[in-house]
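As structure tokens, the structure follows; a few thoughts come after it.
The values are calculated or read from the model by the stated rules, or taken from the named source; none is laboratory data. Note that the structure is predicted; figures quoted are calculated from it, not measured. Note that we place each Cβ from the backbone using ideal geometry, even for glycine, and neighbour counts take in every protein chain shown. For accessibility, only protein heavy atoms count, side chains too; no ligands or nucleic acids. Shrake-Rupley method; radii C 1.70, N 1.55, O 1.52, S 1.80 Å.
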Amino acid sequence: MNVAAVKKQQSALAGRLRALRLERGWTQGQAGKASGISTSALSKIENGLVSPTYDVLLRLAHGLGVDVAELFAPPQAQMGAGRRSIERAGQGSVHDAPLYRHRLLCAQLAHKRMMPFDSRIKAWTLAPDEGWSRHEGEEFVYVLEGEIELHTEFYRPEVLKPGDCFYIDSRMGHRIVNKSSIEARVLWVSTTPGELESAGPRE
């Protein structure tokens, strides 16, 4: 993704986040407190200066009472039990985070129990304390291209190749590193948590 596309994506998220906050009549401080992130971090996101991690997106969505997908676009009207969403190849809202580039799939439906992504793994090396994620819910990842190395809090790292997959409790610290010479690509499915763990402000 080029710089112009990243800026456009950051601007779309910033505008949507600001609109959701103002709909509730909240200041940045109130929205930050509800989401468990600092006011300065929220200000940077709303001004398109940073791309939040998935953990921060989860916190923002939980604090605002919406799905993660609703941070990028308004949802379609609910249709009861007869719901369907089709995503064509190359479509989907893109979120370019520091370590991953996620393409949100079938994001039009609100109140889903899982969030599917077509994700690129950007990081080839990480410091021991860098890139860890921990949040409520569960995750399933299926390797499509390249090789990845799964790091988890309670297990030794494991290398996974195309056709391999893993399923984890997301409350356990976890991160993924690219272990191939090409950009690794995975199908990433994350369940939508009912309640996020309490946490102090994060940048």
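At 1.4 Å probe size, with every protein chain present, just tell me what the per residue accessible area of the chain comes to in Å².
Numbers: 10560 Å² over 203 residues.
For the chain, the per-residue accessible area is 52 Å².
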Which one, 183, 139, 70, has the greatest fluctuation when you compute a Gaussian network model over the chain with C-alpha springs under 10 angstrom? 183
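Rounded to the nearest 20 debye, what is the charge dipole size of the chain about its Cα centre when +1 sits on each Lys and Arg Cβ and -1 on each Asp and Glu Cβ? Show your work: numbers first, answer last.
Working: 26 positive and 24 negative charges, 148 e Å.
Rounded to the nearest 20 debye, it is 720 debye.
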Helix-derived [θ] at 222 nm for the chain: sum -39500 (n - 2.57) over DSSP H runs of at least 4, divide by residue count, nearest 500? -7500 deg cm²/dmol
Taking a ≥ b ≥ c as the square roots of the Cα gyration tensor eigenvalues, with a/c under 1.5 meaning rounded and otherwise prolate when a/b beats b/c, else oblate, which class fits segment 27-69? oblate
Sort out for me the Cα centre separation of segment 21-43 from segment 117-143, rounded to whole Å. 26 Å
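Just order 84-92, 21-29 by mean Cβ neighbour count inside 10 Å, highest at the front, would you?
On the way: 84-92: 10.6, 21-29: 13.1.
So the order, starting with the most tightly packed, is 21-29, 84-92.
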